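Peer 1: Right, I'll just put the structure down here and ask away after.
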Amino acid sequence: MIKKRCVLSIAAMALAIPFALGTGTFADESREPLKIEGKETLFLRVLSKPFAKIYQSADLSSPTVAENLPAMQPYFVYEEKAPASDLESYRWYKVGTDAKGTTLGWITSDDAVKWKQTLCLSFTHPLGRNQVMMFEKKDQLDALVRMPVEQRQAKTQEYYTQINSGNISNDFPVLSVEPKKAIDITQQFYLLPILEYDQFEIDNREGRLLKLAAVTRQSADAREKSDIRSNEDYREHAVSESTAIDASTLEKLNIDVVWAMDTTNSMMPYIEQTLKVVQQVSDNIASKPELANKIHFGIWGYRDSMDIPGIGYNVQNYTPVLQTPPDFVNTLKEVSVTKVGSEGFDEDMFSGIHSALTETTWSDNSIRLIILAGDAPGHTLGHKWNATGQDQNTLRKIANDLSTYIFALHIQEPKAEQFNPLAEEQFKTLSTNEGMKAETFYALPAQEVEGFGEATDGITQQIIGLLEQKQQEKTTLEQKESQATADTSMQNAATEIETVSAPPVSDFAVTLPSTESSENKTSETEKAKQITGQTLQAAYVEWVGSQTKAEPPRDIVAWVTDKDLIDPSIQALEVRFLINKRQLDSLKKTLQGILSAGREGKIGSDDFFSALQAASALTARDPDMINNANSLAETGMVPEFLEDLPYTSRIMDMNSDLWNSWSIDEQDMFLQDLDARIMAYETIHDSPENWIQLNRSDDPSEYVYPIPLELLP
C-alpha cells in the first residue's frame, strides 16, 4: 500500500461540513461540462473557498442552494459568464458536482478559483532547507531570482529575519510563508493547486515560478487569510520550530525497526550478529521499563525465485505482528538460511524491500525504520526473477510516500567484486531518505563479521538513545507545563499554556569523534552512529509534523518558486498530479500497449509504430492514427492529461527514429522503466484507503491520488 496512516481523514472531514443543498440540483445527462481550452477530454473545474455560496441564478439577490461550502471542493464548470456590468468585479460559473450533467447553481469568482489542470504542490521535507516564501506579485519574486547570487541570498535572508522577528510592514512583498514544521501531503492531505507556471533559470539550474491557491482550511477561521502582514497568529505558527512539541504528544512516540535481510546461506554469520545486538538491546531495556513498549522489531527474509529447487521461499515475514525486544530475540533464533545457493549472485532483494514497506503491520504513531542487510544486488528490471517488477528508484518513491526511512548495510563479498558496484548503487538509492543530502549507507568487507555487529549496534544505540532523550524531554516539558499551570492559577488568569520547544533533535546525532587508536580510525559502531543520527533527525522532524498537524497557508493566491532561494540545489516544492482511478487505469493500459509494441519491435526488428498498430487494440485506439503519427504524442495512445505538464516526458517525444537509433540495451532500459512504473501504479491502485474523495458525489473511480510527476512516464 502506498501511504501511511490516515490519508483519507480529509474525506471524512469534508463529509462532516454543513452542506445544505436545496432543490436546485438538476441532472441533464445530455450536457457536459466546459472543456479546458485546447483540450478534447479534460473538463474545466473551479475550487471553492471556505464558506462559499452557490446561488440559484447568476445574481447575488437570488436564493442560495448551497452554503458553507468546504474549502478545496472541486466543481465542474458548465457555463461561464463575464461580469454583467462595470460594477461587478467577479465572473459567474455554473457548477456541478460531477461530469454527468448534474448542476447545482452559480458561484462567483470571489468564492472560487479556476483550476485548469489538476496539478498541486507539496512541500518537500523541511530539514536542511529554508521555508518557502509566498510572494504577492510575480514580478517581486521574478526580480529576486534574477539578482546576482550574493545579492539574492542577502535579500532572502533579510526577508527571513523580518518574518521571524515579526517586524513586517504593510508593503512587505512576502504574503505568507510555509510553516517550519513538516507537513506530509500523503498523510495530512492539503491542496495547493497550481494556477499558472513559468520556467526560469537560477544558478544554472532550471526552476519554476508557480502561482498557487491555498484554500486548505476547514474551520471557523478558514477565511482568515494566512497573510503574515496582518495575521500575527499564523505568522507565529509558521515560525514555530520544527521540533516544538508538548509532553502529551511526545508521550505517543514509538519506533518500529524492521529488518529486510538476505537469508541465503552466506548470511548466517550476520544474522547471528544481529541476534547478539538485539539480545543486548533487550537486556538494556529490561532495566528501563519506560521504554518497554516504545520500540518494536520485525524481520522479513528474502531469498530468490521459487523456481530454484530447495530455495524455500522468495520472501517470508517472520513477524506478522511487530514484537518487543524480548520476543524478537526468540523470533531471530528461528530465522534460518537456505541450504542451497542461488543461480548467479543476484537475489530478489527488491521483493524483500517492497514487502517490508507495504505489508508490515506498522504501529500507530511510529517512526518507521527499515534496515536492509545483504551481500548481493537485486535482480534488475526485466529480469525474470524480479518478482515485483520494480527497482530502487520506484521503491524509494514508495518509501517516501510511506514516511519510511531505510538504512542500508552492504556486505561486500571479495569473491563477487564485479557485483559490488551494482549492489552499492541500489543500496545507496534505497537509503537516500527524505530530508537527507547523503544516503544512509554503510559498507564493510564480508570478512569483517564482527564489524557488521558493531555497525548494527551503532544503529540500535542511536535508536534507543533517541527514545531515552525524548523520555527525558517529556519529563522536563511536564515539569514546565505543571509550573506554568501553577503560575497561571496563582495569577487567576485563564491563559493557554504555551507549547514548549524541545531541544534541537540534532543533540542526539553523534558526531564523528577524534580517535586515539593505533590504527587512527573510528570504530565501526561510531561510524554507524554518525550515519544513523542524521537520518533519525529527519525521521523525528517528520514525525513531529505529523503529530502536531502543522497548518499550511490558507485562503491566499501567491507566487512561489520550487527551489530554495538561498541554495537552489535543494528542491523546496514538489509538483504532483491528482490522478483519478480511471486515469491511472488508462495510463497503465497505455504503457502496457507501448511495452508490448516495444518488445515486438525489438524482437522482430519491426518499425516501432507498426508494432504499436498491433498493440492498439489493447487501448482501443485507432490504428490509422498511429500509422500517421510522427511521435507517440500524436498516436492518440498517450492520455491527454499528460500534455502540458511542467516536466519532460520521455514517451511524449518518442518517435520511430529515436527508437531505432537506440541500441538493444537502451531499448531494454526504456521498456524496463515503463514496466517498473506499471508495477508502481498497481501498488498505488491496490491501496483503497489512500485515495482521496474530493467530491461527496464521487464514485470510487473519481477518487484521486497525489502522484509525484517523477512517477509519470
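Peer 1: Based on the Kirkwood radius over alpha-carbon pairs, what value in µm²/s does the Stokes-Einstein equation return for the translational diffusion coefficient of region 411-460 at 37 °C and 0.692 mPa s? Write out the running numbers ahead of the final one.
Peer 2: Numbers: Rh = 12.0 Å.
Rounded to a whole number, D works out at 275 µm²/s.
Peer 1: Now for a different question. If I stretch the segment between residue 418 and residue 657 completely, what's the gain in nm (0.36 nm per residue apart, minus their alpha carbon distance), one decimal? Intermediate values should be presented prior to the final figure.
Peer 2: Numbers: separation 239, 0.36 × 239 = 86.04 nm, distance 3.46 nm.
82.6 nm is the gain from fully extending residue 418 to residue 657.
Peer 1: Towards the positive end of the charge dipole of region 192-330, with charges on Cβ (+1 Lys, Arg; -1 Asp, Glu), say which of 244, 200, 260 has the farthest Cα.
Peer 2: Value: 260.
Peer 1: What does the extension gain come out to for residue 448 and residue 146, with contour length at 0.36 nm per residue minus their alpha carbon separation? Kindly include the intermediate steps, with their values, before the conclusion.
Peer 2: Working: separation 302, 0.36 × 302 = 108.72 nm, distance 5.28 nm.
So the chain would gain 103.4 nm between residue 448 and residue 146.
Peer 1: Can you tell which of 289, 315, 332 lies farthest toward the positive end of the dipole of region 254-467, using +1 and -1 charges on the Cβ of basic and acidic side chains (Lys, Arg; Asp, Glu)?
Peer 2: 289
Peer 1: Here's something else I'd like to know. Say a paramagnetic label sat at a point 7 Å from the Cα of residue 272, along Cα to Cβ; which residues of region 443-457 have their backbone N under 20 Å from it?
Peer 2: 444-457, by backbone N distance to the label point.
Peer 1: Continuing with the same structure: Among the listed pairs 288/339; 100/563; 155/474; 339/437; 288/480; 39/549, which have their C-alpha atoms separated by more than 31 angstrom in this model? Working shown, then result.
Peer 2: Values: 288/339 39 Å; 100/563 40 Å; 155/474 39 Å; 339/437 40 Å; 288/480 24 Å; 39/549 38 Å.
Check vs 31 Å cut-off fails for 288/339; 100/563; 155/474; 339/437; 39/549.
Peer 1: Using alpha carbon centroids, what distance separates region 227-268 and region 44-116, in Å?
Peer 2: If we compute the Cα centre of each part, the gap is 39 Å.
Peer 1: Return the loop-located GluC sites (Glu not before Pro) in region 382-467 (DSSP other than H, G, I, E, B) with at most 14 other Cβ atoms within 10 Å of their own Cβ; answer none if there are none. Could you put the intermediate results ahead of the total?
Peer 2: Details: sites: 417, 424, 425, 434, 439, 448, 450, 454; in loops: 434, 439, 448.
Filter output for region 382-467: 448.
Peer 1: If you don't mind, there's one more thing I want to ask. Quote the charge dipole size of region 336-486 about the Cα centre in Debye, to the nearest 20; the model charges only the Cβ of Lys and Arg (+1) and of Asp and Glu (-1). Write down the numbers at each step before the final one.
Peer 2: Details: 11 positive and 23 negative charges, 75 e Å.
Roughly 360 debye, rounded to the nearest 20.
Peer 1: So which GluC sites (Glu not before Pro) in region 306-366 are both in a DSSP loop and have at most 16 other Cβ atoms within 10 Å of their Cβ?
Peer 2: On the way: sites: 334, 343, 347, 359; in loops: 334, 343.
Taking region 306-366 and a limit of 16 other Cβ atoms within 10 Å, the loop GluC sites (Glu not before Pro) found are 334, 343.
Peer 1: Which value, in debye to the nearest 20, gives the size of the charge dipole of region 193-339 about its Cα centre, when Lys and Arg are +1 and Asp and Glu are -1 at the Cβ?
Peer 2: Working: 15 positive and 23 negative charges, 75 e Å.
Roughly 360 debye for region 193-339.
Peer 1: Another question, if that's okay. Pick out, from 109, 124, 144, the residue whose Cα sits farthest towards the positive end of the charge dipole of region 86-154, with +1 on the Cβ of Lys and Arg and -1 on the Cβ of Asp and Glu.
Peer 2: Of 109, 124, 144, it is 124.
Each reported figure results from applying straightforward, stated rules to the coordinates on display, with no laboratory input. Because the structure is a prediction, the values reported are computed rather than measured. Cβ sites come from the backbone with ideal geometry, for glycine too, and all protein chains shown count toward neighbours.
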